[in-house]
Amino acid sequence: MLLANAISPAVSLHKLLTGWQTDWLSLLTLAIEVALAAWYVVSVRRLAARGRAWSGRRTACFISGTVLLIIAVQSGLAGYDDQVFWVHVIQHLLLMNFAPILFALSAPMTLALQASSRRTQGILLSILHHPVVEFVTNPVVVVVAAYGTMLVYFLSPFYNFSLEHPLIHDLTHLHFLISGALFWWIVVGRDPSRWRLSYPAKLGFLAAGIPVNAILGVSLTGATASIAPHFHTLGDTHVGGSVLWVVGELTSLIAMGIVLYQWMQFDERAALRADRRADADAAIASTALPSHNGTSNGSAAP
């Protein structure tokens, strides 16, 4: 009973703020993240120099996503991911949900296409339309990979295995980020893609995640043994399961709100285009009508 009520080592605010990861892989990853953020800002400025505006909200999304990624992998938070399960869950949510959502909303591929040279544009388009990329970004593959990753990772011995092997642990972080980025790209992303989902289909994919989060939450909060006995206590497993369940469901609901907002924007733009076409047709008809009447009257006059 004491074990079930126990919690893993207390999380120190001082360590969260100062316990930055200094191993070579963390430093290399940090350099890549900073370089990508710098590329985004430089690309925005390049567009501005050409007299083309870029949404400040998209820039803010990319920078915010980069900050969340750094917090998840390089900050003191990462120092607890193999000690405190609920911290590991937060790290997982940052890598697979929050940072990828912001990256998808920032439309980095669109920015790259608009700010690059024609040669680079051709290379990027050939990558987007490559058969391998088209397969990997297939909505069915993406959804199965995203939800399957969560179920297999948290409900199988693989979680404990990853904690025992640091390299595997780091690779799972990369997998979370990639699978999350692909999922949110097709659901809320603004970038071009081979697959164009309807808005009801996007809502359906998000709705499919609600029972997945529930299964994870019920399984972990009701567990009778720790998810990783050598690393976490049973009580910590219960707390982590609650965080995963609640925050996962809230993320799905917030994402549904984003999709609904995008849907309304799409309908408004479609209505404006229809109004412009109607106005253009009316203008053409009004200019053609006097000429027709004049010819008629002239013919009838004699």
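The values are calculated or read from the model by the stated rules, or taken from the named source; none is laboratory data. For clarity, every value in this text was computed on a predicted model and none was experimentally measured. Heads up, the Cβs are rebuilt from the backbone with ideal geometry, glycines too, and the neighbour counts pull from every protein chain shown.
I71 - would you say it is free of Cβ contacts under 8 Å to residues at least 60 places away in the same chain and either in contact with a Phe, Trp or Tyr (Cβ under 7 Å, 6 or more places away or on another chain) or surrounded by fewer than 20 Cβ atoms within 10 Å (Cβ to Cβ) (or both)? Here the answer is yes, as I71 does meet what is asked.
With respect to the conditions (1) more than 30 Å from L111 (Cα to Cα); (2) modelled with pLDDT under 90; (3) in contact with a helix residue (DSSP H, G or I) (Cβ under 8 Å, 6 or more places away or on another chain), Y159 lacks only one, and its number is (2). Residues in the stretch 247-276 that are of a type in the set (S, T, Y) and touching a helix residue (DSSP H, G or I) at 6+ places or on another chain (Cβ under 9 Å): T251, S252.
A quick yes/no check of all residues on (1) among the basic types (K, R); (2) under 21 Å from the mean Cα position of the chain (by Cα); (3) in a helix (DSSP H, G or I):
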| site | (1), (2), (3) |
| --- | --- |
| V34 | no, yes, yes |
| V42 | no, no, yes |
| W54 | no, yes, no |
| R58 | yes, yes, yes |
| L105 | no, yes, yes |
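For the residues G122, G148, G65, the requirement of being within 19 Å of the chain's Cα centre (by Cα), in a helix (DSSP H, G or I), within 30 Å of R45 (Cα to Cα) and of a type outside the set (V, I, T) singles out G65. Hey, does the stretch 239-253 have a residue that's at pLDDT 90 or above and farther than 19 Å from Y147 by Cα? Checked against the condition, which is being at pLDDT 90 or above and farther than 19 Å from Y147 by Cα, the stretch 239-253 yields at least one hit.
Looking at A53, A48, which one is surrounded by 12 or more Cβ atoms within 10 Å (Cβ to Cβ) and of a type in the set (A, V, I, L, M)? Step through it out loud before you land on a result.
Details: A53 fails: surrounded by 12 or more Cβ atoms within 10 Å (Cβ to Cβ).
Answer to the selection: A48.
Might you let me know whether the stretch 218-227 holds any residue that is small (G, A, S), buried (at least 20 other Cβ atoms within 10 Å of the Cβ), over 16 Å from the mean Cα position of the chain (by Cα) and assigned to a loop (DSSP other than H, G, I, E, B)?
Within the stretch 218-227, the subset small (G, A, S) is 219, 222-223, 225-226.
Retained after the next criterion (residues that are buried (at least 20 other Cβ atoms within 10 Å of the Cβ)): 226.
When the remaining residues are screened for being over 16 Å from the mean Cα position of the chain (by Cα), the result is 226.
Okay, now just the ones that are also assigned to a loop (DSSP other than H, G, I, E, B), so 226.
Scanning the stretch 218-227, I find at least one residue that is small (G, A, S), buried (at least 20 other Cβ atoms within 10 Å of the Cβ), over 16 Å from the mean Cα position of the chain (by Cα) and assigned to a loop (DSSP other than H, G, I, E, B), so the answer is yes.
Only a single item in (1) touching a residue at least 24 places away in the same chain (Cβ under 8 Å); (2) in a helix (DSSP H, G or I) is not met by F231, and it is number (2). Each residue in the stretch 169-200 was checked for being surrounded by 14 or more Cβ atoms within 10 Å (Cβ to Cβ) and either in a helix (DSSP H, G or I) or at positive phi (or both), and 18 of them qualify.
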